[in-house]
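One structure is given here, and the rest of the page talks about it.
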Amino acid sequence: MVPQRILLDLDGTLIDSRPGIIHSLRETLAAYGVTPDADHDYTWCIGASLWSIFEHYLQTSDRSMLDGAVAKYRHIYRDGPMFEYELYPGIVEALETLSQRGIRCVLATAKAHEYAREVVTSAPFAPYIAHV
């Protein structure tokens, strides 16, 4: 029998990562002198290319400046906000059930591998993820 596998995304599937992403965006933009209103809606930024996000907010296409903003964002995100997420209800139980049924859960994400691996390792569903 061929082992069964399921591919899962991390952000927006297993976790709601908006708090950490928005935290990092706000700090990065502030470092560049951009401060959207406190109630600004960042929804469109979730899952979007960081270069596109900063091109929009910094109103530039200068690659050097955009690369700097992305590096700044990643530094901020890595220093803590990447762990500012909420588990979706029932995720741990669902992954446990899949595991008990012999289904290997594999994470496939556009998030940088090192970040995804660290988030998964720290999450309560870590025992049920076979590979990142």
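Points to keep in mind about this one:
- Here S122, S99 are screened, and the one residue that is in contact (Cβ under 8 Å) with a residue 24 or more places away in the chain, of a type outside the set (A, V, I, L, M) and either touching a helix residue (DSSP H, G or I) at 6+ places or on another chain (Cβ under 6 Å) or surrounded by 16 or more Cβ atoms within 10 Å (Cβ to Cβ) (or both) is S99.
- So T60, is it polar (S, T, N, Q), outside any helix (DSSP H, G or I) and open to solvent by less than 90 Å² (accessible area, probe 1.4 Å): yes
- Residue within segment 15-29 that is part of a loop (DSSP other than H, G, I, E, B) and over 20 Å from the mean Cα position of the chain (by Cα) present: no
- M82 meets the conditions (1) loosely packed, with under 13 Cβ neighbours inside 10 Å; (2) part of a helix (DSSP H, G or I) in every case but one. The failed one is (1).
- Candidates P3, P36 - the one that is surrounded by 12 or more Cβ atoms within 10 Å (Cβ to Cβ), at pLDDT below 95 and not hydroxyl-bearing (S, T, Y): P36
- Selection within segment 86-132 - in a loop (DSSP other than H, G, I, E, B) and within 16 Å of L7 (Cα to Cα): R101, G102, A108, T109, A110, K111, F125, V132
- Check on M65, among the hydrophobic types (A, V, I, L, M, F, W, C), open to solvent by 70 Å² or more (accessible area, probe 1.4 Å) and in a helix (DSSP H, G or I): yes
- Count - residues of segment 39-57 that are in contact with a helix residue (DSSP H, G or I) (Cβ under 7 Å, 6 or more places away or on another chain), open to solvent by 30 Å² or more (accessible area, probe 1.4 Å) and assigned to a loop (DSSP other than H, G, I, E, B): 1
- Being in contact (Cβ under 8 Å) with a residue 40 or more places away in the chain and in contact with a strand residue (DSSP E or B) (Cβ under 6 Å, 6 or more places away or on another chain) holds for only one residue in A116, A108, and it is A108.
- Taking the numbered list (1) more than 13 Å from the chain's Cα centre (by Cα); (2) open to solvent by 30 Å² or more (accessible area, probe 1.4 Å) in turn, R74 passes all entries but (1).
The values are calculated or read from the model by the stated rules, or taken from the named source; none is laboratory data. All figures in this text were calculated on a predicted structure; none of them were measured in a lab. Neighbour counts run over all protein chains shown; Cβ positions are idealised from the backbone, glycine included. These accessible areas exclude ligands, DNA and RNA; they are computed on the full protein's heavy atoms, side chains included. Shrake-Rupley method; radii C 1.70, N 1.55, O 1.52, S 1.80 Å.
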